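This report concerns only the one structure given below.
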């Protein structure tokens, strides 16, 4: 009888030991499968969620700008340069500008064409620095428009070299007579030597 009891007790201990090992194995496997963190046999806490976000910058609004054309030519000749207005959502009723040749030894302004405007004025020519103003009496430049030429300059090319054609916006009004804030984009002038005569 004592032998049978001892055998039964030993068998029970073996069964309990096996059961604990199986529980630990199940818990470990479950933790690996579902991404949880085990803290004790038979217990687990969920791992923190990871949230990925992507922020796309909003498109930037394109502002109004006045731009001087970049040109090249030969010393002793003339070159034509345009001034254009871009992205005028409310149109153009009038302006006053200043244009200058950064290096007056390379070129000078000898002519200005503002014929599209009903009323215009230009400072004396020729000169390295001029002011020009115009009013759109005919409503030609009503907005919106993406690009319009508002002035054409005639340059006399004096000597080889490179310089800037600098633009300053002194006044700019839209169709309603309201002031417009605009970026001034300068132009580049490149003048080369005249080719030798054959």
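A few remarks follow.
- Residue tally, condition under 16 Å from residue 183 (Cα atoms) and either in a loop (DSSP other than H, G, I, E, B) or without any contact (Cβ under 8 Å) to a residue 24 or more places away in the chain (or both), over segment 60-109: 10
- Of all residues in segment 74-89, those satisfying the criterion of being more than 15 Å from residue 147 (Cβ to Cβ) and surrounded by fewer than 18 Cβ atoms within 10 Å (Cβ to Cβ) are 74, 75, 76, 77, 78, 80.
- Against the test of being in a loop (DSSP other than H, G, I, E, B) and either touching a residue at least 12 places away in the same chain (Cβ under 8 Å) or assigned by TED's automatic domain parsing to the domain that holds residue 80 (or both), the options 155, 170, 137 yield a single qualifying residue, 137.
The values are calculated or read from the model by the stated rules, or taken from the named source; none is laboratory data. These numbers were taken from a predicted model, which means no experiment stands behind them. All Cβ positions, glycine included, derive from the backbone under ideal geometry; neighbour counts span all protein chains shown.
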